[in-house]
Amino acid sequence: MSERIPVKDVTPVKVHKPDAAKHENAYTPRSHIYVRAVEGTLETFRRFFGLIFLGTFVILPWIQFNGNQAILFDIGAQRFNIFGLTLWPQDLTLLAWILIISAFALFFVTTFAGRVWCGFMCPQTTWTFIFIWFEERIEGSRNKRIKLDQRKMDFDKFWRKSLKHFSWVMVALLTAITFVGYFTPIDQLFVDFFTLSTSFWAGFSIVFFTFCTYGNAGWMREIMCTHICPYARFQSAMFDKDTFTVAYDSARGEKRGPRPRKIAHENLSEKGLGDCIDCNLCVQVCPTGIDIRNGLQYECINCGACVDACNGVMEKMNYPKGLISFTSEHELSGGTTKIVRPKLVGYAVVLAIMTGLLIFEIMTRVPLEVDIIRDRNALYRETNDGLIENVFTLKVLNKSQTAQTYRVEVIGLEGHKYIGENTVQVVGGEVFNLPISIAIDSYALEEQVTEFRFHVQAIDSENSIEVTESSKFIYR
Ligand code: SF4
Ligand code: SF4
């Protein structure tokens, strides 16, 4: 058996590092990162999350609810259907709440476990790993890909490159159609797209998002995480010494270096060696091309690939696992991680309150809105039989997804005469303009302006759907 460690890779590793000697006064060109495939607990975990996320993304727009697409952000009609709930531009505050809750959820997760969102859930990472999966299947392992790129073009290289880009474009296209299917009915969109009869904007959006997905996951990859995404820059503001993040235990790992396999772990210190065998695997599996042994870096997306790679090496060497692990600064310096701490509790409390309020708001939301518009031409007029008349238009907005019949009543105006329809049927998601007049004997009016209310109620709904709006009856 060889005495050397079999995992040592002799291929020169191209990492994303400046070459100061060659490019003193210029921007350093980016080195392509050849990500090595890795197996391990965290990789399995990420694939599991990725599959759930991907499955949810693909399946959600196909679900029907009450005969409608369950989730449809219909920008043209200015309404968002989320299962039974329809949100209108007037409900923008709910959207603001959802964004605030998402922000606090991100703060909470980042304070607790660093950039796990980036490593396990972010679409950029998920799609990048899907594209790398195709790359690996078609062009081979990392070393084969490096050699393929260094080779001149031949038939083998040509078909592999062509097939890779074709598969990337297909994934990007399906992603784009699915994404656009959240904004326009997806079943019709698929038919229209494959019969070349989509509307201009739907077609343009599909082409645009295909290009974005292909460019981001195929070409830009880590550039998006390290240079464009603002989260990489401000995440450090949320870190503290108890935040779990991927880190290398330098006290245990140094002095790094190759060694004969026969040296027992307990004899390493006698030889002046730490646990790191300097195999570089942790760098080769890193999707952002960094060396975690250099300490915490903003490029690290906490994907845990280096943890899996290093654990595999430690297993082969019969060393304890965890030379690179999810750990905290406190733990690395010999202390213990404090899970319950004021900042984390603060985020959790705000998150719980905001989520509770949002749920309450949604549960108590009335799917009906009434706007009252007075006749602008005349404040009042006298009818032939001597009554004082005010004219109004009631804009009745049915914010539900089914047709409703509403009854309109006037409250607080004794002796009035209601002229016009007092029941109206409104299609789901539509506004109905109801012109009406109210007439009253002038002797019944004590003031020039009399406050009263319109009460509008759905009469064929099992739930109580009613709205009361104030208005004024004007005389003189
Ligand atoms: S930290 Fe682990 S994976 Fe990285 S070079 Fe050292 S032994 Fe290899
Ligand atoms: S250093 Fe490790 S955890 Fe960070 S991005 Fe690279 S592989 Fe992922």
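The values are calculated or read from the model by the stated rules, or taken from the named source; none is laboratory data. Predicted model, so just to flag it, every value in this text is computed and none were measured. Please note: Cβ atoms are built from the backbone with ideal geometry, for glycine as well, and neighbour counts cover all protein chains shown.
Things to note:
- Hey, Y406 farther than 16 Å from K472 by Cβ, among the aromatic types (F, W, Y) and at pLDDT 90 or above or not: yes
- In the set (1) among the aliphatic types (A, V, I, L, M); (2) within 13 Å of ligand 1 (Cβ to nearest atom); (3) loosely packed, with under 15 Cβ neighbours inside 10 Å, the condition left unmet by A264 is number (2).
- In the stretch 144-171, the residues that are within 12 Å of F134 (Cα to Cα) and touching a residue at least 60 places away in the same chain (Cβ under 8 Å) form no Cβ pair under 9 Å with any partner that is of a type in the set (D, E) and loosely packed, with under 12 Cβ neighbours inside 10 Å, whether six or more places apart or across chains.
- Total residues in the stretch 235-258, condition touching a helix residue (DSSP H, G or I) at 6+ places or on another chain (Cβ under 8 Å), within 11 Å of ligand 1 (Cβ to nearest atom) and in a loop (DSSP other than H, G, I, E, B): 2
- Cross-chain or 6+ apart pairs with Cβ under 8 Å, the stretch 66-92 first and under 20 Å from D187 (Cβ atoms) and free of Cβ contacts under 8 Å to residues at least 40 places away in the same chain, then part of a strand (DSSP E or B) and among the hydroxyl-bearing types (S, T, Y): F80/T86
- When the stretch 212-235 is filtered for residues that are β-branched (V, I, T) and touching a residue at least 24 places away in the same chain (Cβ under 8 Å), the ones remaining, listed by number, are T213, I223, T226.
- Residue count for the stretch 33-64, restricted to those that are free of Cβ contacts under 8 Å to residues at least 24 places away in the same chain and either of a type in the set (F, W, Y) or in contact with a strand residue (DSSP E or B) (Cβ under 9 Å, 6 or more places away or on another chain) (or both): 2.
- Of residues in the stretch 142-176 being of a type in the set (S, T, N, Q) and surrounded by 12 or more Cβ atoms within 10 Å (Cβ to Cβ), the one farthest from W62 (Cα to Cα): N143
To keep it simple, each residue is scored yes or no on (1) outside the structural domain of M121 (by TED's automatic domain parsing); (2) more than 8 Å from ligand 2 (Cβ to nearest atom); (3) not β-branched (V, I, T).
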site: Q284; (1), (2), (3): no, yes, yes
site: G295; (1), (2), (3): no, yes, yes
site: C300; (1), (2), (3): no, no, yes
site: C310; (1), (2), (3): no, yes, yes
site: M314; (1), (2), (3): no, yes, yes
site: M317; (1), (2), (3): no, yes, yes
site: P320; (1), (2), (3): no, yes, yes
site: I324; (1), (2), (3): no, no, no
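- In the stretch 368-476, counting only strands (runs of 3 or more DSSP E) that sit wholly within it, the ones holding 2 or more residues that are touching a residue at least 24 places away in the same chain (Cβ under 8 Å) and farther than 24 Å from Q78 by Cα span 387-398, 404-411, 417-419, 431-441, 449-458, 466-474.
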